[in-house]
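Written out below as structure tokens is the structure these notes cover.
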Amino acid sequence: MPISHWPVNKVVNKLFTTDVARFGPSWENITKTKMVKTDITRMCQLLKLSYATVLKERSFSPPLSRCFSSRTEKKNTKPRVLITGSLGQLGTGLAGKLRARYGADNIIMSDIIKAPQQILDAGPYIYADILDFKNLQEIIVNYRIDWLIHFSALLSAIGEDNVPLAMRVNIEGLHNVMELAKQYRLKLFVPSTIGAFGPDSPRNPTPDLCVQRPRTIYGVSKVHAELLGEYYHYKYGLDFRCLRFPGVISGDTAPGGGTTDYAVVIFHEALRTGRFECYLDQDTQLPMMYIEDCLRSLIELMEAPRESLKLRTYNVAAISFTPRELAEAVRKHVPQLEVVYNPDHRQKIADSWPQVFEDKNARKDWGWKHEYGIDELCTAMINVLKPYYS
Ligand SMILES: NC(=O)c1ccc[n+]([C@@H]2O[C@H](COP(=O)([O-])OP(=O)(O)OC[C@H]3O[C@@H](n4cnc5c(N)ncnc54)[C@H](O)[C@@H]3O)[C@@H](O)[C@H]2O)c1
């Protein structure tokens, strides 16, 4: 019988009736027996109580989850956010936007590389290797983290060059953050990608739910992240949120080794030399998004009320174009731009990815709407980069 079901009084009475019968009903015996009986009854009741407490804490029932942060559930409080891999293409811009909303000290940037001085001056920055579970745990406790935005990853092209490392960072690292987010009741954001689809997926358009059989370790690790996050959500109630981003184009930070990087590098080369050698064929159509749209979609998803989310992983889209179409749009700013096409191993990856991304669920459920088309994107990129090259 489990401790929780012990009929304490009955058990203790039975024990002591037997004892009194065995040693005889002398006054001394009866008094001692009564005292011991009271003590044992109290101990049993305490044992029952602490056992029930352990059970309740293990099942994360809200009234007893005192070790879990509940700040994010309260209205009008600012979340404390940890961003892993924050010195990459997406992290620095996101930290700036979140700091403007929630205060500089509430946003903890982290990575495994040395940060430039302007990052150190802008707010908290710490070393955090996502493969080090204990260190991550300490950070979450010491900084009283509410949201975890998990950016650390090896991207598609780099991942293919070092599969064992990509498996460690993208899969083992994800297990660490997932488990910690569960333990400390964090809201967890993990980005996915168009690379989570493969040659067997419908490519034009690619809906939220369809066959996903990617052929890169990057894609495989992202499908794993999507599925594990959804599993933790349904099994443990983890507030897991995930967006599949298209290729992200930004001017202030360098791209991290993905297949869509050409769409960033073309702007630098247009302004620097007026000549660009593209590693993809001119007609390779891929979904893309300007960084401002990308970061806004992330913040809007994180702030969306739980009940509006019908899915835990959403496609978000903006535009789709080919290298030839992008070159034509860039020429409106740099008319002398020359582009040669010299496809390499990345062509095969691009050929297995979506051409047009369908994001109607994001638009319907939490009001997603992109702002940058191809012309707005080109103008923004040229404006950001021009000062560096003139
Ligand atoms: N950039 C895009 O076009 C794009 C598109 C779709 C999805 N995403 C996803 O968004 C996230 C961020 O992308 P990004 O472009 O900023 O990537 P990035 O490659 O520019 O940055 C990744 C960061 O992770 C860090 N990192 C590597 N190993 C680490 C470790 N062991 N511990 C902690 N940090 C480690 C790196 O130092 C780097 O700063 C990634 O998960 C990526 O898959 C990006």
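Points worth noting:
- Within the stretch 319-363: backbone nitrogen closer than 16 Å to the N204 label point (7 Å, Cα to C-beta): 319-326, 350-358
- Residues whose amide H lies under 5 Å from that of V339, counting only those 5 or more places away or on a different chain, are F276; hydrogens are built 1.01 Å from N in the peptide plane.
- Taking the Cα centre of the stretch 154-302 as origin and assigning +1 to Lys and Arg Cβ atoms and -1 to Asp and Glu Cβ atoms, the resulting dipole is close to 460 debye.
- Fully extended contour minus Cα-Cα distance, from D344 to K332, at 0.36 nm per residue: 1.6 nm
- Fewest-first ordering of Y341, Y231 by other beta carbons within 10 Å of each residue's beta carbon gives Y231, Y341.
- Under-5 Å amide H pairs with L154, H placed in peptide plane, nonlocal only: N170
- A protection proxy built from the mean count of other Cβ atoms within 10 Å ranks the segments 353-359, 96-102, most packed first, as 353-359, 96-102.
- Summing Lys and Arg as +1 and Asp and Glu as -1 over all other residues whose Cβ lies under 15 Å from the Cβ of E371 gives a net charge of -2.
- Amide proton proximity set for I108, modelled H, under 5 Å, gap of 5+: V81, L82, I83
- Extending 7 Å from Cα along the Cβ direction at R306 and again at R168 yields two label points whose distance is 3.7 nm.
- Exceeding the 23 Å Cα-Cα cut-off - candidates K97/K310; K114/K182; K97/K187; K134/K182: K97/K310; K114/K182
- Net charge dipole size for the stretch 86-186 [Lys, Arg +1 and Asp, Glu -1 on Cβ; Debye, nearest 20]: 360
Every number here is computed from the coordinates shown, using simple stated rules; none is lab data. These numbers were taken from a predicted model, which means no experiment stands behind them. Every residue, glycine among them, receives a Cβ derived from its backbone with ideal geometry; neighbour counts consider all protein chains shown.
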